[in-house]
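The values are calculated or read from the model by the stated rules, or taken from the named source; none is laboratory data. Note that the structure is predicted; figures quoted are calculated from it, not measured. Methodologically, a virtual Cβ is constructed for each residue, glycine included, from the backbone with ideal geometry; neighbour enumeration extends over all protein chains shown. Please note that ligands, DNA and RNA were not included when accessible areas were found on the heavy atoms of the full protein model with its side chains. Shrake-Rupley method; radii C 1.70, N 1.55, O 1.52, S 1.80 Å.
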Amino acid sequence: MNRSSHRLWVNASLFDGLNGAAEPMAVAVQAGRIAWLKTMSELSADDRSGFECIDVAGALMTPGLIDCHTHLVFGGNRAGEFEARLEGSSYEDIARAGGGIISTVCATRAATEDELFESARPRLQALMADGVTTVEIKSGYGLTLESELKMLRVARRLGRELPVRVVTTLLGAHALPPEYKDNADGYIDLVCNRMIPAAAEGLADAVDVFCENIAFSVAQCERVYAAARAHGLAIKGHTEQLSNLGGSAAAARAGALSVDHIEYLDEDGVKALAEAGTVATLLPGAFFILRETRVPPIELLRRYRVPMALATDANPGTSPIFSLKLMLNMACTLFRLTPIEALRGVTAHSARALGLQEEVGRIAPGLQADFCLWDTLNPAELAYSVGLPRLVQRIVAGECA
Ligand SMILES: [Zn+2]
């Protein structure tokens, strides 16, 4: 028996992804997966035999955190624009000077794969330092076949070179590129007929859209969903962020794993999510940076038992935030989630938002042994405080990482 691959973590204060345990727990790991859990009072000397035993002395153990919505591969940044706006420039001035999303598109197109990789790595490392063990990364700043695939290759490479699980999403339908001005349907043809088939060759796990008045219509998004499904890819949507177009219900009807933002979601939309089993992903970072005032319909989501996930939406424009732990606090302070709801949102429910609920997001037998140890006993402290508690250890597939 290879003892090093058999580890027993004892005396853990456990939050298993859904609930906290009443008693200190032991968690056994074999070959990178969770083998069994027992309370410390049930644990016998026999149980310990053959295991390398690690006593965590009461530290809080949670599943590794899952950031299920990021755009962390991009060229350039928008700090200059942020500064100009605070010095009095209008959005119009900035757009005329080539700012906004198009500036990120230009910088991303111009960057080499190595440059994109090198700039994305510290962003991903910042998330990892906060306890993230699984992250979703979207394309969406290339908006040409080749540059969208380039972004996806960089995202895949980040997952190969760093100790973190990376899930990739093609977001070709993020914005209308200047070459297709006044021809949105022509651009959707490119997404459906060229980008999706190419991304389905192992580069993307899912396909996403931005369904909004300033982006793509419900009908255009439905075309993208149909093409994604035809190529065996999961689907997701940026929906109901700035207005209520019915994009969330359309995504749910098409079988979406999640709909994200959803500040303007109404009761019919919430019902559609409940019926389809679609996760509601809340992005308090973008809400905060944009100084929005319309809060997602949390009470309705609770009433219809729609699982709520939480993510950073890490991106250069509307959420240059690389801390998932900060999202726990923002979800509680801005959206009035309870700390336990917020924690489920970055563990069990964010796993569901990626279709990975049988692999990660909970501390349960059979799942990957991805977890975090924190220097507190109380799960609520992770949401309560900013900057503390500290991450003591981050474990991926049973190994300290
Ligand atoms: Zn986003």
Within a Gaussian network of the chain (alpha carbon springs, distance under 10 Å), most fluctuating of 166, 56, 259: 56
Please give the contour-minus-distance gain from residue 91 to residue 48: 0.36 nm per residue of separation, less the Cα-Cα distance, rounded to one decimal in nm. 9.2 nm
Residue with peak Gaussian network fluctuation, the chain [Cα springs, cutoff 10 Å], from 16, 313, 208: 16
If you place +1 on the Cβ of every Lys and Arg, -1 on the Cβ of every Asp and Glu, and leave all else neutral, what size is the dipole of the chain about its Cα centre, to the nearest 20 Debye? 460
For the range 148-295, just list the percent of Cα-Cα distances falling in each 10 Å bin from zero outward, please. 12, 39, 36, 13, 0
For a label point 7 angstrom out from the Cα of residue 359 toward its Cβ, which stretches of the range 122-159 have the backbone nitrogen within less than 16 Å? 133-138, 155-159
If the viscosity is 1.002 mPa s and the temperature 20 °C, what Stokes-Einstein diffusion coefficient in µm²/s follows for the range 237-393 when Rh is the Kirkwood radius over Cα pairs? 135
The farthest towards the positive end of the charge dipole of the chain, of the residues 379, 110, 368, given +1 on Cβ of Lys and Arg and -1 on Cβ of Asp and Glu, is 368
Going toward the positive end of the dipole of the chain, with +1 on Lys and Arg Cβ and -1 on Asp and Glu Cβ, which of 191, 245, 395 do you reach last? 395
Residue with peak Gaussian network fluctuation, the chain [Cα springs, cutoff 10 Å], from 385, 13, 217: 385
Label zone at residue 305 (point 7 Å along Cα-to-Cβ), backbone N below 17 Å, the range 242-278: 270-278
Between residue 18 and residue 106, 0.36 nm times their residue separation minus their Cα-Cα distance comes to what? 27.5 nm
Return the aspartates and glutamates within reach of residue 150: Cα separation strictly under 12 angstrom, same-chain partners fewer than 8 residues apart disregarded; answer none if there are no such residues. 113, 114, 115
Dimensions (Å) - the range 72-156, Cα atoms, principal axes, largest first: 40, 33, 18
On a full-extension model of 0.36 nm per residue, what is the gain between residue 113 and residue 213, subtracting their alpha-carbon distance, rounded to one decimal in nm? 32.8 nm
Largest-first ranking of 262, 340 by accessible area, probe 1.4 Å, whole protein assembly kept, is 340, 262
Hey, could you pull the Cα Rg and Dmax for the chain, both in Å? 21.2, 72
Where the Cα pairs of the range 1-129 fall when distances are cut into 10 Å bins, in %: 11, 25, 19, 14, 16, 12, 3, 0
Where in the range 312-354 are there trypsin sites (Lys or Arg not before Pro) that are in a DSSP coil and have at most 12 other Cβ atoms within 10 angstrom of their Cβ? 336
